[in-house]
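Asks: Take a look at this one; I'll ask things after.
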Amino acid sequence: MKYTRFLKASIRLIGIVIFIYIMLGIDIQGMLAFTFEIPPICVIILILSVLPITVLRGLRWKVIAEGMDLNLNTQAATEAICIAQLANLVIPGSFGDFIRVPFMKHRGNQVDKSIISILLDAIIGSVVPFTIGILALVVILEVNISIEALLVVSIWIIGGYSFYRILRATLWTRFMKARLKRLMSEGIRGRSFFTLPSMLKAIGSRKIAISLAFATLLFAFYVAQAYLLAIALQMEIEWTYLTVTLGLIIMMTTIPVTIQGLGIREGVLLFMLTRIGIEPALIISFSLTLMVVNITPAIAGFLIWIKNPFVDITDQEILDAEVTEPRFLNPRVE
């Protein structure tokens, strides 16, 4: 058992090993020089841009939660996102997002529905960057225009299924170790939500469309933020190329093998941006600056948690207990 847990922990740190390897070959002084050349006003704008990004993430999740009759307003959703960002600083593989389960439970929501809402939020939030990531592959492969449409559709279908399988093997298994023993007596519309179609059908097409709109707007903000940083660093890159690069990064970092995307993000950026002549030290400066800016909500998350420490955010076992043993699997006799 201990060996299995050690193996799982090791797999989640693969990206850290890659990051260390990359940094060994980088001109650290040059990287720092590029970073300190960023104008202070630009840094302030970048940090302020995190606010709408965090709120949009909260709104996207709130729409899904509303469709499942969960008690969650925009402020609470945004606070939960900040706390999850804090948890992801210490819990590998972005599994810190599951801190939202005890957060919801603490506010009187059902554990099973809360878990499902987080899973759907992850899936819907990945649709736009996944599609852009497929376009990135088209750019990399330099697809001939005459066969582009057919190839893009084929890659999207095959890649989409593969991405779905990754989610099933990672996020899904966190709370799907035990199969449903009975229909959820408190379930939504009497359905048991253990297939993706039944989950989406229960939420409703209107709310799914709204959450997708928020996801699209969120990705646009993220691209604008990254492009502003690229301008500040005087990187010669078109926003369209940066867009497909970011889509590919988000698609790759969904694989839970690192903390905060370290190593995976840098590897993708080096692969994509060295192709257009940008030097490695500048690429790593761009990558780490973007990462640091986007983890600033963790500060707010710490303050929120200090005000109401509903759970130990660093305790992986608490999260395991919450997401692998939903309440509906052990119903109390009223």
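The values are calculated or read from the model by the stated rules, or taken from the named source; none is laboratory data. A quick note: this is a predicted structure, and the numbers were derived from the prediction, not measured. All Cβ positions, even for glycine, are placed from backbone atoms using ideal geometry, and neighbour counts span all protein chains on display.
Asks: Against the definition (out of contact with any Asp or Glu (no Cβ under 8 Å at 6 or more places or on another chain) and either in a loop (DSSP other than H, G, I, E, B) or modelled with pLDDT under 90 (or both)), how does A298 come out, yes or no?
Replies: Values: out of contact with any Asp or Glu (no Cβ under 8 Å at 6 or more places or on another chain): yes; either in a loop (DSSP other than H, G, I, E, B) or modelled with pLDDT under 90 (or both): yes.
So A298 passes the test.
Asks: If you go through the range 267-278 one residue at a time, do you hit one that is touching a Cys at 6+ places or on another chain (Cβ under 6 Å) and modelled with pLDDT of 90 or more? Write out each step before concluding.
Replies: Filtering the range 267-278 down to residues touching a Cys at 6+ places or on another chain (Cβ under 6 Å) leaves none.
No: zero hits.
Asks: Return the pairs, sorted by first residue and then second, in which the second residue is of a type in the set (S, T, N, Q) and modelled with pLDDT of 90 or more, the first residue lies in the range 284-301 and is closer than 11 Å to V50 by Cα, the beta carbons are less than 6 Å apart, and the residues are 6+ apart or on different chains.
Replies: As it stands, the answer is P297/T54, since those pairs meet every condition given.
Asks: Moving to a separate point now. May I ask you to verify whether A76 is surrounded by fewer than 22 Cβ atoms within 10 Å (Cβ to Cβ) and of a type in the set (G, A, S)?
Replies: When the stated conditions are applied, A76 passes them.
Asks: What are the residue pairs meeting all of these: first residue in the range 219-243, first residue over 19 Å from S126 (Cβ atoms), second residue among the basic types (K, R) and in a helix (DSSP H, G or I), Cβ atoms under 9 Å, and 6 or more apart or on different chains?
Replies: none
Asks: Examine the range 224-244 for a residue that is part of a helix (DSSP H, G or I), closer than 29 Å to V90 by Cβ and modelled with pLDDT under 90, and state whether such a residue exists.
Replies: Among the residues of the range 224-244, not one is part of a helix (DSSP H, G or I), closer than 29 Å to V90 by Cβ and modelled with pLDDT under 90, which makes the answer no.
Asks: Moving on. Checking the conditions here, which among L32, L59, L70 is in contact with a Phe, Trp or Tyr (Cβ under 7 Å, 6 or more places away or on another chain), aliphatic (A, V, I, L, M) and either surrounded by fewer than 15 Cβ atoms within 10 Å (Cβ to Cβ) or modelled with pLDDT of 85 or more (or both)? First the steps, then the outcome.
Replies: On the way: L32 fails: in contact with a Phe, Trp or Tyr (Cβ under 7 Å, 6 or more places away or on another chain); L70 fails: in contact with a Phe, Trp or Tyr (Cβ under 7 Å, 6 or more places away or on another chain).
None of the others qualify; the one that does is L59.
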